[in-house]
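Chemist: My questions all concern the structure below.
The values are calculated or read from the model by the stated rules, or taken from the named source; none is laboratory data. Predicted, not measured: the structure shown is a model, and the values here were computed from it. Note that each Cβ is placed from the backbone with ideal geometry, even for glycine, and that neighbours are counted across all protein chains shown.
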Amino acid sequence: MEARFFHWGGNLDPNSPVYIKRPEDDKLPEHIAAGDFVTVLAPRQMGKTSLLLRVRRLLTEAGMAIAYVDLSPAREESLESWYAHLSTGIAEQVLPGGDHPPLPQSHLEFVQFLRAVSTQLGNTRLCIMLDEVGTVPEDMSDAFFGNVRYVFSNRQVKPEFRFTNFVLCGTFQPRDLIKNPANSPFNISKTLRMSDLTRDGVRRLVGMLERMGVYFDEDIPDVVHDWTGGQPYLTQRLCAIFEEWKIPISGPEVVERAIQDLMMDDNNLDHIVHRLHEEAELVPWLERVLIRKESIRFNRMTNQRLARLELIGLIKPAKDGSCKIRNRIYHDLLLNNFFSEREGEHVPDLDASTDSEQAARPADSQEVTAVSIDVVDSTLLKQDQDKVAVTYTFQQYFQYVQNLARRWGGQVKDAAGDGVMCIFSSADSALRCAVELQENLPGFNRRHNRLNGPLALRIGLNTGHVLTRDLKDYRMTRSLYDYTLDLSGKLQKGISGGEIALTNHTVERLSEPIQANRQELWPEYNITVYVLNRFQETSGAQSASRV
């Protein structure tokens, strides 16, 4: 059988003539060379693996030690076998013919393994590319991704990690892979989202048909782009059909015939329809975009259903910031196949007045205020300190936070490193707790701090919903629960020690107005942030936070 020139399904060879560069081909190696940790996100069939393999080849030729490991084959393995798969893949690629460190049998031993590999490489940049990271077993994910974050956080104090970085690639939502945002490597990494081919890129790809003796009218590349939107798989697939037909493409109707063939039998389209049947709660949002033609603001941070539709590959942001169906092929697939087959079925209605997650809020949700507390520059505080002093100080700090949270009716939900997450049923109680944490901190430092410098806190408050009737119920749905916490965590990372930041969602729930020291618009999250920083050791909580 004659080999095909165009390739669809699976990764492209790095030297393939049908590999069309996109902006990510330049951005990814730049980030790696700069020592950045990188997250590469995209739906299926967008060329993620092809990108990694191509960049691996380029940087290996430039003298870096680059390991690529696909994690999916080990998804059902035991912890020991999973780490054996990962570590063997790393060692064989970056230490060929050298002495390989012992294979790790635990999460801690994996860090020791990385330290040994990095030490052997010396000042050579080590980049570990992990593909299909969404397949990391759930019972391992927190510890594994926490170790990746550990490598990043300790590069200044552990010289062997100074030239080590990771690329984490797949089709996933970072919040779904790790429960505690404070330990997540995703919120310290640079995020690259794979883009579609440009119109010029489609012209170059379609132009290669002439090598196969397939000739086409001048406007055919634009016709193909109008149908595929530059989606790499679909564009390659159409070109492969034209290559197989070996007939002149003399008008748009030939392209339409090829699309009809594709619609009749295509694994990628079948996968998309299957996902929609599995996740029926996403369908009303598609209906609003496609059938009702509503202008819904695209925001993957505030609307997890839109974020999931993006990862399936069905939607993307338009130039005006609204949601649009990714391409005309998907448009026709949904309109003429999926929705036409669902006529007569009950489709849950949504409040058309909003595009937020709250539009699909179930009846059993409950509003809470999340409080994220973090110690400023804790790594520097702990550096070169007596371990007993560090342990005592931070044990007392956690007890200090827990006692004040309980005093105001809150609960500690997560604690890792020096970060603490609490939730409260009342925004007023949450703010009073935050104020007391700041105002009583000088006394805590005098009584319990055994370190050379004082502890300083950053505190973020955000109000949102969780899917539970009882705050003591730990079975909270992550799509809502984590976002409420995530945003409070992002707030405190954007302020200085001694400050408290509140979203407009929290301010709107307070029984009295606050007098903020400053007010900022964070358009990337569609929120207004209010910052308080006037705290006196002897003043009361109410006088510090109220007009």
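Chemist: What do you reckon, is A116 in contact with a Ser or Thr (Cβ under 7 Å, 6 or more places away or on another chain), in the same structural domain as F172 (by TED's automatic domain parsing) and small (G, A, S)?
Modeler: It is false that A116 is in contact with a Ser or Thr (Cβ under 7 Å, 6 or more places away or on another chain), in the same structural domain as F172 (by TED's automatic domain parsing) and small (G, A, S).
Yes/no per residue for (1) touching a residue at least 60 places away in the same chain (Cβ under 8 Å); (2) farther than 13 Å from W8 by Cβ:
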site	(1), (2)
L197	yes, yes
G201	yes, yes
L205	yes, no
L209	no, yes
Y215	no, yes
D222	no, yes
H225	no, yes
A240	yes, no
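Chemist: Looking at the range 308-320 only, could you name the residues that are of a type in the set (A, V, I, L, M), part of a loop (DSSP other than H, G, I, E, B) and in contact with a helix residue (DSSP H, G or I) (Cβ under 9 Å, 6 or more places away or on another chain)?
Modeler: L314
Chemist: Pick out the one residue from P29, P14 that is touching a helix residue (DSSP H, G or I) at 6+ places or on another chain (Cβ under 7 Å) and more than 25 Å from N123 (Cα to Cα).
Modeler: P14
Chemist: Inside the range 435-547, counting only helices (runs of 4 or more DSSP H) that do not spill past its ends, which hold 3 or more residues that are at pLDDT below 85 and surrounded by 19 or more Cβ atoms within 10 Å (Cβ to Cβ)?
Modeler: 478-493, 541-545
Chemist: For the range 395-432, which positions are among the β-branched types (V, I, T) and assigned to a strand (DSSP E or B)? Before you say what the answer is, go through the steps one by one.
Modeler: Step one: of the range 395-432, the residues among the β-branched types (V, I, T) are 401, 412, 420, 423.
The answer is V412, V420, I423.
Chemist: Sticking with this structure for a sec: Looking at (1) under 26 Å from the mean Cα position of the chain (by Cα); (2) surrounded by 18 or more Cβ atoms within 10 Å (Cβ to Cβ); (3) among the hydroxyl-bearing types (S, T, Y), which is the only condition S118 fails?
Modeler: Just one mismatch for S118, condition (1).
Chemist: Moving on to the next point. Would you please list the contacts, defined by Cβ atoms under 7 Å and residues six or more apart or on different chains, that run from a residue in the range 81-106 that is closer than 18 Å to Y68 by Cα and touching a residue at least 40 places away in the same chain (Cβ under 8 Å) to a residue that is among the aliphatic types (A, V, I, L, M) and surrounded by fewer than 17 Cβ atoms within 10 Å (Cβ to Cβ)?
Modeler: Listed by first residue and then by second, the contacts come to W82/M140.
Chemist: Here's another thing I want to ask about it. Using the structure shown, decide if S141 is part of a helix (DSSP H, G or I), in contact with a helix residue (DSSP H, G or I) (Cβ under 6 Å, 6 or more places away or on another chain) and either at pLDDT 95 or above or hydroxyl-bearing (S, T, Y) (or both). It would help to see each step written out before you state the result.
Modeler: On the way: part of a helix (DSSP H, G or I): yes; in contact with a helix residue (DSSP H, G or I) (Cβ under 6 Å, 6 or more places away or on another chain): no; either at pLDDT 95 or above or hydroxyl-bearing (S, T, Y) (or both): yes.
No; evaluated as a whole, the condition is false for this residue.
Chemist: Same structure, new question: Working carefully through the options R328, R300, R257, R292, find the one that is over 22 Å from T198 (Cβ atoms) and either touching a residue at least 24 places away in the same chain (Cβ under 8 Å) or touching a strand residue (DSSP E or B) at 6+ places or on another chain (Cβ under 8 Å) (or both).
Modeler: Numbers: R328 fails: over 22 Å from T198 (Cβ atoms); R300 fails: either touching a residue at least 24 places away in the same chain (Cβ under 8 Å) or touching a strand residue (DSSP E or B) at 6+ places or on another chain (Cβ under 8 Å) (or both); R257 fails: either touching a residue at least 24 places away in the same chain (Cβ under 8 Å) or touching a strand residue (DSSP E or B) at 6+ places or on another chain (Cβ under 8 Å) (or both).
The unique qualifying residue is R292.
Chemist: Could you check the range 34-61 and list, in sequence order, the residues that are free of Cβ contacts under 8 Å to residues at least 12 places away in the same chain and within 24 Å of N15 (Cα to Cα)? Write out each step before concluding.
Modeler: Within the range 34-61, the subset free of Cβ contacts under 8 Å to residues at least 12 places away in the same chain is 34, 60-61.
The answer is T60, E61.
Chemist: Among what's in the range 411-430 and is under 26 Å from I514 (Cα atoms) and out of contact with any helix residue (DSSP H, G or I) (no Cβ under 6 Å at 6 or more places or on another chain), pick the residue that is surrounded by the most Cβ atoms within 10 Å (Cβ to Cβ). Outline the logic, then answer.
Modeler: Step one: list which residues in the range 411-430 are under 26 Å from I514 (Cα atoms), which gives 411-412, 419-430.
Applying the additional criterion that residues be out of contact with any helix residue (DSSP H, G or I) (no Cβ under 6 Å at 6 or more places or on another chain) yields 411, 423, 425-426, 428-430.
On the way: Q411: 15, I423: 23, S425: 14, S426: 19, D428: 16, S429: 17, A430: 30.
Here the residue is A430.
Chemist: Now a separate question. Could you list all residues from the range 220-254 that are surrounded by 21 or more Cβ atoms within 10 Å (Cβ to Cβ) and more than 23 Å from K21 (Cβ to Cβ)?
Modeler: Within the range 220-254, just I249 meets the criteria.
Chemist: In addition: Please find, within the range 281-304, the residue that is farthest from F339 (Cα to Cα) out of those that are at pLDDT 85 or above and among the aliphatic types (A, V, I, L, M).
Modeler: Applying the filter and picking the extreme gives I296.
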